[in-house]
Amino acid sequence: MGFRLLPRPRHHLRKTWRLGPLRLHLGPEGMSWGLGAGRWSWNAKSRRHTVDTPGPGYWQSRGRR
C-alpha cells in the first residue's frame with residue numbers, strides 16, 4: 001500500500017479486431033494476437049486456450065507462466 005497522487009483507473013481500454021479466424025487484441029499491456037474457431041480460442045502472447053462452455057462460465061488453460 002503506497003501513496004498515490006492519482007486514483008487507479010477503474011476501466012481498462014481494450015479493443016479486438018476480428019479478421020476471419022485471426023484476432024488482434026490491443027490493450028494497456030500492449031498488442032497480442034490469437035486464433036478463434038467457434039467456441040475455442042487461443043492467445044499467442046499468453047499461450048492460453050479458452051473454450052466457451054454451455055451456460056455461464058468457460059474453461060481456460062494455464063498458458064505460459
**Message:** I want to confirm something. Restricting to the stretch 30-65 and keeping residues that are among the aliphatic types (A, V, I, L, M) and out of contact with any strand residue (DSSP E or B) (no Cβ under 6 Å at 6 or more places or on another chain), which single residue is modelled with the lowest pLDDT?
**Reply:** MET31
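Mind checking which strands (runs of 3 or more DSSP E) fall wholly inside the stretch 10-52 and carry at least 2 residues that are closer than 21 Å to ARG64 by Cβ and under 12 Å from the mean Cα position of the chain (by Cα)?
Result: 22-27, 30-37, 40-43, 48-52.
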**Request:** Any chance you could count how many residues in the stretch 23-43 are under 21 Å from LEU13 (Cβ atoms) and surrounded by fewer than 13 Cβ atoms within 10 Å (Cβ to Cβ)?
**Result:** 5
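Among the residues of the stretch 19-47, which ones are charged (D, E, K, R) and more than 17 Å from GLN60 (Cα to Cα)?
Answer for the stretch 19-47, where residues must be charged (D, E, K, R) and more than 17 Å from GLN60 (Cα to Cα): ARG23, GLU29.
The values are calculated or read from the model by the stated rules, or taken from the named source; none is laboratory data. Not measured: the values here are computed from a predicted model. Positions of Cβ are backbone-derived with ideal geometry, glycine not excepted, and every protein chain shown enters the neighbour counts.
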